[in-house]
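Only the coordinates and a few stated rules stand behind these numbers; no lab work does. Nothing here was measured: the structure is a model prediction, and the numbers come from that model. Ideal geometry is used to build each Cβ from the backbone, glycine not excepted, and the neighbour counts take in all protein chains shown.
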Amino acid sequence: MDDQVVAVIENKPLGSSYGLLSLDAARQAQAARPGQFAMVRILGTGGVLLRRPMSIYDVKPDAAPHSGPRLIQLLYKVVGRGTRLMAGLKPGDPVALLAPLGHGFFVEDYLEQAEQADEVLHVAGGIGIAALLMAARELAEKGFKQRLFFGGRSRGDLVGAVDFRPYLRQIVVVTEDGSCGCRGYVTGPLEDHLARYPDRRFLLLACGPWAMLQATAELAGRYGHRLLVSMENRMGCGLGVCLGCCIRVEGEGHGAYQRVCTEGPVFWADKVVWERGTLPIT
Amino acid sequence: MPTVRDQKAKVVSDEPAARDNSQPAGDFEPSIEVEIAGVRFQNPVLTASGTFGYGQEFAHLIDLNRLGGICVKGISAAPMPGNPPPRIYETDSGMLNAIGLQNVGAKRFLEEKLPFLRTLRARTVVNVFGYTTEDYVRCIEILNDGDGIDAYELNISCPNTRCGGMVYGNDPKLTEEVVAASKRAARLPLWVKLSPNVTDITVLARAAENAGADALSLVNTFVGMAIDVETRTPRISNVTAGLSGPAIKPIALRMVYQTARAVRIPIIGLGGIATTEDALEFLIAGARAVQVGTANFYAPDTSIKIVEGIRTYCRRKRLHVDDLVGSLQVPTPNVEKATEY
């Protein structure tokens, strides 16, 4: 992990409220692994104080034919002041980037679970898609069969789906307003799939709103499949010191609070305590 | 006039003629060391409790040996789980937190965290928390066995626990009781961290001093809150939370200034310090040292930059840090308009 001031290479709007930010950060890009995240601080404005946690969507080599990854790409949705400032970034603007952070899709026995599964199912809600692309690529390179269930409020919320195409056998899209794919929540077609193949063994990877993750965890439990969730929470530091991002995870005794930034963001869903009263408001 | 770097601070401060602002810095090398309750710090910049973990988390980002000291996350005799999420929320120029003093407990701190801290040149100050006076004493008794702690900072000002903490810090009698008991138990200097959520902080400061406090840290966070108007729910599960960050700096500075005139023991100033100028303001207002808190979250190198900034300032002003402390000049009303800017 490094804390560096890096330059914006490109900031591409995707529809009205999403964008893809490319940062010139070779060292951090080379170190990034699937499911990790970055803490981003927009410099030169008095707008916000704290860094913002963002999934590392992808790493890309630059145009030159030489080397490994050089760009870190962050897929973002404009939801508040921090992401609004992010949307205003222009090529050349400096950004303080603390990355890569967290325990991504490389928790213990994760690949073992994938190997035992007939298929890996990705479940994404809206901007939660950003946590899954690198995992999908890595699993595809290892030869795993994969499918993506992708839900959003509306057609415009289904950004990034096209990037998954090379790695998956199918993408099932769902929108709450029915403007794209079938109407409803992403857990609908997911449950259909689980019910249709009761003899198959799946490994699920999910990222999205708390309620979607909770519903997915319930389905995975009911159908007896393992599920890894990439959790989201407000973060003060990303370094494990502010303890602002803790969620309740089964542990010693009656349970313990673990840091999304350090022990997570990826957890086995059956270890997360899905208490309604403790919803992170994000 | 020559000044000797390792000269005793007290002697140096008796020689104001040695400093002339109009002189170029030349080869003047200021001393930025400070002494608090018999402990020397290589510079007056510490990291504030709860914003810097146990130090090791920052080891690969900054050179910890350049810090004056590290105040570690509040430690209690027994481990504490902390509050349910959400625990933090950003506000204009500040942040609210209600972590609830989640910590590993004094025993595990000694076993797992202290050995690393012991290797550093930066001093280790352990922030101590309890629900009752007995808790504070028990925690100190456990910590007394640790090797490498330089001072205790008694946290009687946490706003996010149901009892203990700020309950003590709001009542001069309880403050005296817990400070006196802790002082008896402590084999190391005892700092007392005061709450700003009081009508007159000097009353509590004097109570702590009278009960034997060796130094005072001020201020802890201000109780605040934020509401999500869409859902009409609090932004933080604890409902109220402690406000920190640049938003609180002017109030914290005023409290340090007032307290410095009310007590004789050293003051460690904190509250929204994010730049060299912020830190200098606290020193000039009367703080012997400062702590950097919330800024560690978004700019981990803040403390190191402030150390260098203070050194540069002292060199330019031909002042040692000790001369800076409490050097605020307030023009008196009967003097004609100030001529120097």
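One residue stands out among those in region B:291-303 that are within 12 Å of chain A (Cβ to nearest Cβ) and in a helix (DSSP H, G or I): the one that is surrounded by the fewest Cβ atoms within 10 Å (Cβ to Cβ), which is B:Y298.
Within region A:1-36, being more than 13 Å from A:R70 (Cα to Cα) and either exposed (fewer than 14 other Cβ atoms within 10 Å of the Cβ) or of a type in the set (S, T, N, Q) (or both) holds for A:Q4, A:V5, A:N11, A:K12, A:P13, A:G15, A:S16, A:S17, A:Q36.
For residues that are crowded, with 19+ Cβ neighbours inside 10 Å and more than 23 Å from A:W268 (Cα to Cα), tally how many sit in region A:174-206. Residues that pass the stated criteria total 3. Within region B:198-212, residues that are over 16 Å from B:A180 (Cβ atoms) have Cβ atoms under 7 Å from residues that are assigned to a loop (DSSP other than H, G, I, E, B) in these pairs: B:V198/B:N170; B:I201/B:L194; B:T202/B:A262, counting only partners at least 6 apart in sequence or on another chain. Would you check if B:D171 is without any contact (Cβ under 8 Å) to a residue 12 or more places away in the chain and not small (G, A, S)? Taking the combined requirement at face value, the residue satisfies it.
Could you list, in sequence order, the residues of region B:228-254 that are touching a Gly at 6+ places or on another chain (Cβ under 9 Å) and assigned to a strand (DSSP E or B)?
Of all residues in region B:228-254, those touching a Gly at 6+ places or on another chain (Cβ under 9 Å) come to B:237-238, B:240-253.
Of everything in region B:228-254, those that are touching a Gly at 6+ places or on another chain (Cβ under 9 Å) and assigned to a strand (DSSP E or B) turn out to be B:A241, B:G242, B:L243, B:S244.
Quick check on my filter: what residues within region B:195-237 are of a type in the set (V, I, T) and over 30 Å from B:A289 (Cβ atoms)? Correct list: B:I227, B:V229, B:T231, B:T233, B:I236. Among the residues making up region B:88-141, those that are in a helix (DSSP H, G or I) and among the β-branched types (V, I, T) are B:T133, B:V137, B:I140.
Report those strands (runs of 3 or more DSSP E) wholly inside region A:1-99 carrying at least 2 residues which are within 14 Å of chain B (Cβ to nearest Cβ).
Values: elements: A:2-14, A:18-24, A:37-42, A:52-55, A:58-60, A:71-77.
Ranges flagged: A:2-14, A:37-42, A:52-55.
In region B:239-258, what residues are surrounded by fewer than 24 Cβ atoms within 10 Å (Cβ to Cβ) and on the phi > 0 side of the Ramachandran plot? Listed by number, the list holds a single entry, B:V239. B:K113 falls short on exactly one of the conditions (1) charged (D, E, K, R); (2) at the interface with another protein chain (Cβ under 9 Å from one of its Cβ atoms); (3) farther than 21 Å from B:E134 by Cα, and that condition is (2).
When region B:202-224 is filtered for residues that are surrounded by 24 or more Cβ atoms within 10 Å (Cβ to Cβ) and out of contact with any Asp or Glu (no Cβ under 8 Å at 6 or more places or on another chain), the ones remaining, listed by number, are B:L204, B:A205, B:A213, B:A215, B:L218, B:V219, B:N220, B:T221. B:A279 passes every criterion in (1) surrounded by fewer than 24 Cβ atoms within 10 Å (Cβ to Cβ); (2) in a helix (DSSP H, G or I) apart from (1).
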